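Take a look at the structure set out below.
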Amino acid sequence: MTAPGGVIFRAYVDADEKYIYSTWLRDLRDADPSPLPDELWFPAHRAMIDGLLADPAVRVVVAAAEDKPGEILGYAVAEPHEVLWWIQVRKDPQLREKGLARAMLQEVNCPPGTPAAWATPSSRDRLRNPCRSRSIRRERARRTGTR
């Protein structure tokens, strides 16, 4: 699948870090009912994202504006055919419901049915990917020796 009109897909670059970390952590915290205080929750989850972005088995695709490649419209983080770690589309009515998330899933080789590590209330219905968060995260921690 190609990107919707006016959108290109590109690899993650260092300049994307601030946007990816801030949106992933913010949206994940909003979706996570954990009683863990923020001063413990944020560093733990930031370390998890650090590990994922540094892992050569993990693929990150960034959707950007064709005329402004530095403008992030969304991104997907996945281990192809294994786990969808995170997907995000900017909260802009011009972008929503246009197939951008579906196109990014294809870019990172996550066909329907690929287990998702996390799910927000809106993603549960739209992506149709089973959420197996605890088992996926536990298996990754076992493989990488992280917690």
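Here is a list of conditions, (1) at pLDDT below 90; (2) under 24 Å from Gly5 (Cβ atoms); (3) of a type in the set (Ser, Thr, Tyr), and Ser34 meets all of them except one; can you say which number that is?
Looking at each condition in turn, Ser34 falls short on (2).
Determine whether the stretch 5-18 contains at least one residue that is buried (at least 16 other Cβ atoms within 10 Å of the Cβ), outside any strand (DSSP E or B) and in contact with a Phe, Trp or Tyr (Cβ under 9 Å, 6 or more places away or on another chain).
Yes: one or more hits.
Here are Ala78, Ala119, Ala103: which of them is small (Gly, Ala, Ser), surrounded by 14 or more Cβ atoms within 10 Å (Cβ to Cβ), touching a Ser or Thr at 6+ places or on another chain (Cβ under 8 Å) and at pLDDT below 70?
Sole residue among the options that is small (Gly, Ala, Ser), surrounded by 14 or more Cβ atoms within 10 Å (Cβ to Cβ), touching a Ser or Thr at 6+ places or on another chain (Cβ under 8 Å) and at pLDDT below 70: Ala119.
For the stretch 25-42: of the residues being surrounded by 10 or more Cβ atoms within 10 Å (Cβ to Cβ) and either touching a strand residue (DSSP E or B) at 6+ places or on another chain (Cβ under 6 Å) or of a type outside the set (D, E, K, R) (or both), which is nearest to Asp14 (Cα to Cα)?
Leu25
Collect the residues in the stretch 60-71 that are modelled with pLDDT under 95 and part of a strand (DSSP E or B), keeping them in residue-number order.
Once the filter is applied, which keeps residues that are modelled with pLDDT under 95 and part of a strand (DSSP E or B), the stretch 60-71 yields Ala63, Ala64, Ala65, Lys68, Pro69, Gly70, Glu71.
The values are calculated or read from the model by the stated rules, or taken from the named source; none is laboratory data. The shown structure was predicted, so the numbers you read here are calculated from the model rather than taken from an experiment. For neighbour counting, all protein chains shown are included, and Cβ atoms are generated from backbone atoms with ideal geometry for every residue, glycine included.
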